[in-house]
Each structure stands twice: as structure tokens, then as C-alpha cells.
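The values are calculated or read from the model by the stated rules, or taken from the named source; none is laboratory data. Fair warning: this is a prediction, and the values are worked out from it, not measured in the lab. Every residue, glycine among them, receives a Cβ derived from its backbone with ideal geometry; neighbour counts consider all protein chains shown. In case anyone asks, the SASA skips ligands and DNA or RNA and just uses the protein heavy atoms, side chains included. Shrake-Rupley method; radii C 1.70, N 1.55, O 1.52, S 1.80 Å.
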Amino acid sequence: MSKKLTSRTEDYSKWYNELVVKADLAENSAVRGCMVIKPYGYAIWEKMQAELDRMFKETGHQNAYFPLFVPKSLFEAEEKNAEGFAKECAIVTHYRLQADPDKPGKLRVDPEAKLEEELIVRPTSEAIIWNTYRNWIQSYRDLPILINQWANVVRWEMRTRLFLRTAEFLWQEGHTAHATKAEAIAEARLMNNVYATFAENFMAIPVVQGVKTESERFAGADETFCIEALMQDGKALQAGTSHFLGQNFAKAFDVKFANKEGKQDYVWATSWGVSTRLMGALIMTHSDDNGLVLPPSLAPNQVVIVPIYKSDEEFAAVSEVANGILKDLRVKGVTVKFDDRDTQRPGAKFAQHELQGVPLRIAIGPKDLENGTVELARRDTLTKSVVALNDLTSTVENLLKEIQDTLFKKALDFRDNHITEVNSFEEFKDVLEKKTGFISAHWDGSNETEEKIKELTKATIRCIPLEMKPEEGVCVYSGKPSKGRVLFAKAY
């Protein structure tokens, strides 16, 4: 079939790119480095949004919206943040076009319409938000501020890949203000835990929670917490980050408050975010050579019903039963689609729904009506069974839960089998080349050693695990003393 994919073992990168396009998730746009998220892909993102939004609101956060444009003077107020994003910025310099006198029918930038101050298209919103918070905060009574924003951002990328790295992408960014350091650190940890819970319980992706090293930390942060996932090709993917910003942005924008003692102090801050990169994580964690494999909690359609018939009379009889099944399942909160298109044969429908990762497929024809049964196919195991109509609703409910749990267990087993402890640099390189995955190794804590290992192997320190046990040892590269193991991997 034309939809047949390159296998993962043959070319993992090509498999991924083909799958994103053929499963109708996204495609490249006319704008270099930017993507069009198609309805099926956006439906998955909407499910992610809805669950995350619920979790944010349950932890006391509210949604707001801030401008897309950041004046350059505000952007450069926090030096580390500005320096960290400077090479990725898109800048608006003019505000008007005009007819080109030298090229009839064409337009040019009006040279007289230059902005007095350039505007940065937001790569992240700390600057514009903290300039706003200055007007909102006077007293400890105004704190904490717990704000989330659903938005798009632009980070100019030269090498792009759909969902994983594009010049424009969708995300949420939380920005909170607190009266004490302890409150802000607790918030950053809380939101990292929210991300981990979402990834594991909703996306069926096991993650390691940790902190970034100084060189991998968010520009302008005192500490960056993260969740790291492992893809099927043995590469890591940073799935979310939560930053303790200290008082850096408060000092940059002069955001002070009167504390309970009446003294002026700078506000403590956090920011945290996940993006449409999660779509890439979802695809690469679960999918196979036949297409997408979606956990039921994320599938736009958890069940699809495909009618089998030869005549209008058979179609009418099958449709009556199918619509009854649809109603019964919807009452139970299951999302169902009755695929009654007459432009596609059943085999083509099966292939499409398999490619798009629909967790359960019900096929029903005249013989099934006679027997009071349906054929039920699981996408995750590609197995089929015959189920009595009377038992169908409960069977579907149980199977959807089982599929969700099975996908997580499979990904967890893979992840745990690809965390390898090493004690020498030769062993480090050997595992990286032959087995891949996370490498648990001692590190001396220096930026120099971290950079040298990256230069020699292209592996980076993904995180210092929060659950890391103190363990005296020696660094695998330098031989200097180490206080514990960190996780290295090649990464997206």
C-alpha cells in the first residue's frame, strides 16, 4: 500500500518523518521551518491541553494572555536570559509595506516606517510578563501570582523537524511570583511533578525527574527541574522543564513588595512549560512500523466502528446495530466514530485507522448480526477477538484501561532496560554506540568535563536525578572524585 512506512530499524528518522505526514498529523508549510498542524494532530494536542489545563487549575493557576511582541529594551533587561535567546530571535523592525516603484505589482518594506524600538517576537515571555507584574505587585497581599499562558513562540531554528524542532511552536508557559524563596522552589518542584504525572498517567510515557546542570539550565534561572523520556531509538527527549528563577527577573524589572514586616523585598519567581514537542515524544515512544499507537486517553477516537456490507439492505441493518453500539459507548464516556463512508472499502478503512493509531476497531457485518457478535481489533497488539454484543460495552471499557496500562508498562520496561551503569570511559563509549539509552555514570561536577564528554561522544548530561543516591566514586572521564551518578544520553 502507498501508506507503507519505512521500518524503524532501517531508518528511524525517516520512519518518524513519514509517519507524521502519512498519519495526517502535520506537514511542512510555505514558511521555512514552520509547520501546519492538521486536524487529527491538533485533536491530539487539544486532548493534551485539556488535561494539562485541568491539572493547572486544580493547583490554583489561572490563564491569562500577554503580547506576542517584546520591546528590545525589556528583552535585554535580564542579561542571561537575553544572551541565552539572542541567536534565536525574530525581530520586527518596520510597521508598513508599500508598492515597490521598481517592481510593478510587488511590495517592499517602507523605509520611512522604521520602528523607534525593535520588537522581539517572543521566544519566551518572562520579560513582558515581569514588566507587567511590576504594576500588579505592591504588597505581600498581592502574592502569590499563579498565571499560565497558552501561546505560540518563535525560536529561529536552522535544522527543523516536525513537532520536535520548528521555528514556531505551540506551548504553555507558567509564570508565578512568590513572597519567599521556599515558596518559589516548592512551586517549581510541584509543576515538574505535575508534568511527570501527566506524562506517565496520561501519555503512558515513563520519565525521570531531575535537575539540569549549570550549562544546561534555562537562561536566567537559578535551577531548572526537568522530566526526561527515552525514545525507542535510545535517544533521550526533554519533555518538560520547570525553572526556579530566584529574584533575577524581579531585580531586572524592579519588582518589589512590602513584606509582613513592612520592609521592601524583591519577589521570587518561577516559570515552567511544555510544548507541541510532546507530540514527538508520544509518536516515538509508542508507535510501530504500521503507524501510530495512541494511548486511549489521548486518542481523538478511542473506538472506530467499520460496517461490512454488500447491499443497501445490509448497510441499513448493520448501521442500526452500529449506532446502538455508538450510543452505549458514548454514555460510558468513550469517544467513538462510526466510519460509514461509502468512498472507501473496509480494508482501506482498517489500514487508515491502524495507521492513525485508533486503540480499538469494531467490525460488524451481516454474519455478526446473525451471531450477535462483533470482531474487535486492538491496535497495540494487532490481535483480534470475537465479542458478544451483550458484553461489548464492558469489554471495551476494560480493554481501553488495559491498553493504557500495557503501553506504559512496555515503555517502562524498555526505559529501565536501557539505563546502564558504567564505571569507565571506554565502557561509556561502548554502551553509547552499541546499546544506547541512558548511561548512569559518575561526573566530577565541572563544566569542562561535561563539555569534553559532549565533544567526544555527542552525549549530554540529561539530568541529575532527583532520586539520585549519594555515592562516592570517580568521574568516568577525568578520574576526579564524584559524589554521585548522573544520566547521560544522546538527545533530540
>> Pairs needed: first member in the stretch 326-342, over 16 Å from residue 359 (Cβ atoms) and acidic (Asp, Glu); second member anywhere, modelled with pLDDT of 95 or more and open to solvent by 20 Å² or more (accessible area, probe 1.4 Å); C-beta distance under 9 Å; at least 6 residues apart or different chains.
In response: 328/393; 340/315; 342/315
> Before we move on, is residue 182 open to solvent by 20 Å² or more (accessible area, probe 1.4 Å), assigned to a helix (DSSP H, G or I) and small (Gly, Ala, Ser)?
Replying inline: yes
>> Please go through the stretch 399-457 and give me each residue that is over 29 Å from the mean Cα position of the chain (by Cα), of a type in the set (S, T, N, Q) and surrounded by 15 or more Cβ atoms within 10 Å (Cβ to Cβ), ordered by number.
In response: 446, 449
> Could you give every pair whose Cβ atoms fall below 6 Å, whose first residue belongs to the stretch 239-257 and is farther than 22 Å from residue 141 by Cβ, and whose second residue is open to solvent by 30 Å² or more (accessible area, probe 1.4 Å) and assigned to a helix (DSSP H, G or I), counting only separations of at least 6 or pairs across chains?
Replying inline: 244/185
>> Could you list, ordered by first residue, the pairs with Cβ atoms under 6 Å in which the first is in the stretch 43-70 and in contact (Cβ under 8 Å) with a residue 60 or more places away in the chain and β-branched (Val, Ile, Thr) and the second is crowded, with 16+ Cβ neighbours inside 10 Å and part of a loop (DSSP other than H, G, I, E, B), at least 6 apart or interchain?
In response: 44/298
> Can you tell me which residues in the stretch 1-33 are free of Cβ contacts under 8 Å to residues at least 40 places away in the same chain, closer than 21 Å to residue 351 by Cα and not charged (D, E, K, R)?
Replying inline: 2, 6
>> Could you check the stretch 60-107 and list, in sequence order, the residues that are closer than 24 Å to residue 171 by Cα, among the hydrophobic types (A, V, I, L, M, F, W, C) and not in a loop (DSSP other than H, G, I, E, B)?
In response: 69, 70, 74, 75, 82, 85, 86, 90, 91, 92
>> Condition first: among the basic types (Lys, Arg) and part of a strand (DSSP E or B). Can you find one or more residues in the stretch 109-122 that meet it?
In response: yes
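Hey, any hits in the stretch 377-385 for a residue that's without any contact (Cβ under 8 Å) to a residue 60 or more places away in the chain and over 31 Å from the mean Cα position of the chain (by Cα)?
Let us first name the residues in the stretch 377-385 that are without any contact (Cβ under 8 Å) to a residue 60 or more places away in the chain, namely 377-378, 381, 383-385.
Checking which are over 31 Å from the mean Cα position of the chain (by Cα) leaves us with 384-385.
Yes: one or more hits.
Matching residues to (1) in contact with a strand residue (DSSP E or B) (Cβ under 7 Å, 6 or more places away or on another chain); (2) more than 28 Å from residue 41 (Cα to Cα); (3) open to solvent by less than 10 Å² (accessible area, probe 1.4 Å):
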{"site": "164", "(1), (2), (3)": "no, no, no"}
{"site": "177", "(1), (2), (3)": "yes, yes, yes"}
{"site": "194", "(1), (2), (3)": "no, no, no"}
{"site": "201", "(1), (2), (3)": "no, no, no"}
{"site": "231", "(1), (2), (3)": "yes, no, yes"}
{"site": "238", "(1), (2), (3)": "yes, no, no"}
{"site": "250", "(1), (2), (3)": "yes, yes, yes"}
{"site": "253", "(1), (2), (3)": "no, yes, yes"}
{"site": "260", "(1), (2), (3)": "no, yes, no"}
> Within the stretch 150-162, can one find any residue that is loosely packed, with under 15 Cβ neighbours inside 10 Å, within 23 Å of residue 80 (Cα to Cα) and at pLDDT 95 or above?
Replying inline: yes
>> I'd like the residue in the stretch 48-60 that is open to solvent by less than 50 Å² (accessible area, probe 1.4 Å) and not small (Gly, Ala, Ser) and, out of all such residues, is farthest from residue 163 (Cα to Cα).
In response: 59
> Which members of the stretch 61-105 meet the condition of being open to solvent by 40 Å² or more (accessible area, probe 1.4 Å) and under 22 Å from the mean Cα position of the chain (by Cα)?
Replying inline: 62, 63, 65, 68, 84, 88
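Name the residues in the stretch 230-246 that are in a strand (DSSP E or B) and more than 23 Å from residue 269 (Cβ to Cβ), would you?
Step one: filter the stretch 230-246 for residues in a strand (DSSP E or B), giving 230, 236-246.
Hits for the stretch 230-246 are 230, 236, 237.
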